[in-house]
Amino acid sequence: MIYSALKRALLVLDEHGFETFGEEWDEMVIDQIATMSGRYGNLTDATRDLQDYSAFPAGVGYLFMYAAGHAELVACVLEKAHSACGHPTFNKQKLRVASIGGGPGSELLGLIKFLHEHQPDSLPEKIVYTVYDKEAGWEHIAAELAESIETTIEIVLKFRPLDVTGDCAAVTLEKQDLVMMSFFISEVSNLPKAAEVREALKHLLGTIPADSYLLYNDNSNMAFYGYLNSRRKSAGKFDEVYDSDPHHFDVPVPDLDGIFEEMIERFERTPKLSAFALSKLLVRVK
Ligand SMILES: C[S@@+](CC[C@H](N)C(=O)[O-])C[C@H]1O[C@@H](n2cnc3c(N)ncnc32)[C@H](O)[C@@H]1O
C-alpha cells in the first residue's frame, strides 16, 4: 500500500519536474538529496544551516528518499503499541488526525496501512488529516500523495501553514483524535529561536483533548525525546502507553521496482529504509 501510493505520486511529480525544469531536473534533485542528507547529520547544532524544503526538487527528493521508511515506521509503531497495550483504538466513523511538521504526509500512509491491516472490518468512513508545516511547498506534494492512496476511507487533506518559531497561539488541536510528530522535534529542538519554539509546543500540546493520542517518532537521540518530554510536561498530563526504547528499525524492503527502480538509477541513491529510532505513544489525560 505504502509503496504503490508513493509510486503513483512520484510518477506524477517526476513528470511535473521534467515539464518545469527540463534537462536539469535530475541534477536538481540529486543536489537537494545530497544537501538534505548532509544536514540531517548535525541537527543538534543551533547554528547549522537549516534544511530548506521550499524547492520542488527538495520535496520530491525527500519523498523518494525518506517517506517510505517514515511511513513504515508509523505503521509498525502503531501495530506494536496495539499488541503491547491495546492502544491506539480508533472506533469513530470520522477520525481527525493532525501531523505537526507533517511535510509530504508520510505519517498518513503509515496510519492507513495500520488501519487496513489491523481493523479491516471496522475502518473509519472518513479521515480528516491536517498537515501543519512551515513549508507551503508541501501542500501540492501532500495532496498528490493523499490522492494516490488506494483505500475505501474518504481522505480529506488539509494543509495549514504553521511555523513553531513564530506565534502559534491561534492554532488549536482540540478536535484531533491523534496528533503525530514524526522526525519533527529533531528539526526544531535546537534552533536560535528556542524560547519561541518552547512556547509554541507547550501551547499546541496543551490543546490536545482528553483521550486523544500523541505519537512521537524520531531518531534515537534521547535528547530529542527529553526535549519533547519537557514540553509535554509543561503542557499538561499525558500518560505514556507505549515506549519502543531506542532501537534499530529496518523496514522490510519490498521490490523497489517501477519509478523507484528508475529513480535509484537516475538519482544514484537508494531510499533510506532503516534508522535508529525512538517511538512513544502517549494519551492525553485531563
Ligand atoms: C524531516 S521532515 C519530516 C516530515 C514528515 N513528518 C516525515 O516524517 O516524513 C521535518 C518537517 O518539519 C518541518 N519543519 C521544520 N521546521 C519547522 C518549523 N519551524 N515549524 C513547522 N514545521 C517545521 C519541515 O518543513 C519538514 O516538513
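Can we say V197 is in a loop (DSSP other than H, G, I, E, B), at pLDDT 95 or above, more than 16 Å from the chain's Cα centre (by Cα) and within 15 Å of the ligand (Cβ to nearest atom)? I'd like the intermediate steps shown before the answer.
Working: in a loop (DSSP other than H, G, I, E, B): no; at pLDDT 95 or above: yes; more than 16 Å from the chain's Cα centre (by Cα): yes; within 15 Å of the ligand (Cβ to nearest atom): yes.
In short, no.
So is S99 touching an Asp or Glu at 6+ places or on another chain (Cβ under 6 Å) and hydroxyl-bearing (S, T, Y) or not? Spell out how you get there, then give the answer.
Numbers: touching an Asp or Glu at 6+ places or on another chain (Cβ under 6 Å): yes; hydroxyl-bearing (S, T, Y): yes.
Yes.
Scan region 118-146 for residues that are modelled with pLDDT of 95 or more, over 11 Å from the mean Cα position of the chain (by Cα) and under 20 Å from L73 (Cβ atoms) and jot them down.
Matches in region 118-146: I127, Y129, W138, I141, L145, A146.
If I go through region 37-86 residue by residue, how many of them are surrounded by fewer than 16 Cβ atoms within 10 Å (Cβ to Cβ) and away from the ligand (no atom under 14 Å from the Cβ)?
Here the count works out to 9.
When the residues of region 23-46 are narrowed to those that are in a helix (DSSP H, G or I) and of a type in the set (A, V, I, L, M), which ends up nearest to the chain's Cα centre (by Cα)? Full working, then the answer.
From region 23-46, those in a helix (DSSP H, G or I) are 23-42; that's our starting set.
Keeping just the survivors that are of a type in the set (A, V, I, L, M) gives 28-30, 33-34, 36.
Values: M28: 23, V29: 20, I30: 22, I33: 18, A34: 20, M36: 16 Å.
So the residue we want is M36.
Of all residues in region 196-225, count the ones that are under 15 Å from S99 (Cβ atoms) and in contact (Cβ under 8 Å) with a residue 60 or more places away in the chain.
9
Are any residues in region 114-150 in contact (Cβ under 8 Å) with a residue 60 or more places away in the chain, of a type outside the set (A, V, I, L, M), more than 12 Å from the ligand (Cβ to nearest atom) and in a loop (DSSP other than H, G, I, E, B), and if so, which ones?
The one that is in contact (Cβ under 8 Å) with a residue 60 or more places away in the chain, of a type outside the set (A, V, I, L, M), more than 12 Å from the ligand (Cβ to nearest atom) and in a loop (DSSP other than H, G, I, E, B): E150.
Grab the strands (runs of 3 or more DSSP E) fully contained in region 213-262, keeping just those with 1 or more residues being touching a Ser or Thr at 6+ places or on another chain (Cβ under 6 Å). Spell out how you get there, then give the answer.
Numbers: elements: 213-219, 237-243, 247-250.
Counting at least 1 such residues, we get 213-219, 247-250.
Given (1) modelled with pLDDT under 95; (2) closer than 20 Å to I208 by Cα; (3) in contact with a strand residue (DSSP E or B) (Cβ under 7 Å, 6 or more places away or on another chain); (4) not β-branched (V, I, T), where does L178 come up short, assuming only one miss?
(1)
The values are calculated or read from the model by the stated rules, or taken from the named source; none is laboratory data. In this text the structure is predicted, and so the values were computed from the model without any measurement. Counting neighbours? That spans all protein chains shown, and the Cβs are built from the backbone with ideal geometry, glycine included.
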